[in-house]
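Values quoted throughout were computed directly from the atomic coordinates according to the rules given, and no laboratory measurement underlies them. Just so you know, these numbers come straight off a predicted model, no measurement behind them. Here the Cβ positions follow ideal geometry from the backbone for every residue, glycine too, while neighbour counts run over all protein chains shown.
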Amino acid sequence: MNTDLITQAREGDGEAFRQLVEPYQRELHVHCYRILGSTHDADDVLQETLMAAWRGLGGFKERASIRTWLYRVATNRCLNALRSVKRRASRRLQADDLLASQLDLPEPSSVSEALWVEPYPDIMLDFSTDIQPGPEARYEMKEAISLAFMTAVQMLPPRQRGVLILRDVLGFQASEVAEVLDSSVESVNSALKRARAALQRRLPPSEEQPLPLPDSLERELIDQLTRAFEASNVDGIVALLAEDVMLTMPPEPMQYHGRELVARFLAVVTLQERRRYRTVTTRANGQPAFGLYMCEPDGSVFHALGLLVFTVAGSRISAITRFDNSMLSLFGLPKSLPR
């Protein structure tokens, strides 16, 4: 059937091309997101990929599957996007503007490199039915979409990033990755070795990670957290946090480590006494999340304060990642709520 569709698409049949690529669009979008760290950029690059595939279908030699060929087009489009000086300069300017608008932030425990990591809505994922990775994959779907993994991957150089995702997340063979990147197997293996070593320095070994909470206990923990936020109860929130909890705000470089500093940030920046708050729960990157809203002094409307994504380790919250209001629309969340 694919052979017939390829023939028809090469002859200019747009519907045949749509049928050919549609089964892979969702996984290609996730692939672009993993490399780029941005849902918005993944949208753009996926469209570029499909356009390039449509125009370049005549050059498809059918030595590999159409899926592998599409991954080749998408991966190289992603790497080209990462090398775009114009794109990086534009984003740096946005980061500087955001930093200037938040000069009243408490003193952080550390300052890291500004990273371009955006959340990915779980509604766009299907952990049960997504195409399974190859046998050489090292990461499960949920682990390979988590914010901790995404943040660590964004620290890698572009080519290492692409190699690691193709090999350890998708399970492509080294020879397939070499074909995707127009490289040699030796070069791919060398890049993979360096990428794995870098990730090991930033991610705890799997055997040291706490077992995930059962769904019912995770929901109970998030329910408690929600009630504490809506009551502006900083002490109640802190009681649910791990001792070494980390709060970050991509793309801001500031990090707040430990209960005391996170409590200070919440009290000074996020929550204010005698204000009312509401939350709207969602999920991002396989993790619980909610939109946070604060009521205006006149009590007429609740305005969004951003999206909070929570990492659960054991029975506590081990990380809070705060995103600004520009991310809310990805999750179908409004900028304001009626009273």
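Among the DSSP helices (H) of the chain, those spanning at least 18 angstrom by Cα along their long axis with an average Kyte-Doolittle hydropathy of 0.0 or more are 66-82; this is a geometric and hydropathy rule only. Amide H contacts of Ala319: Met246, Thr311, each under 5 Å away and 5 or more positions distant or on a separate chain (H built 1.01 Å from N in the peptide plane; Pro and chain starts excluded). Over region 215-338, Cα pairs under 8 Å with separation of 6+ residues give a relative contact order of 23 percent. Suppose each label sits 7 Å from its Cα in the direction of the beta carbon; what would the Lys335-Gln272 distance come out to in nanometres? Calculated label separation equals 1.9 nm. The dipole here belongs to the chain: it is taken about the Cα centre, uses +1 on the Cβ of Lys and Arg and -1 on the Cβ of Asp and Glu, and is about 660 debye. Each Lys and Arg adds +1 at its Cβ and each Asp and Glu adds -1 at its Cβ; summed about the Cα centre, region 142-261 shows a dipole of about 540 debye. Once backbone amide H atoms are built at 1.01 Å from N, Gly37 has no partners under 5 Å, excluding neighbours fewer than 5 places away on the same chain.
Rounded to the nearest 20, the size of the Cβ-charge dipole of region 215-338 about its Cα centre is 200 debye, with Lys and Arg at +1 and Asp and Glu at -1.
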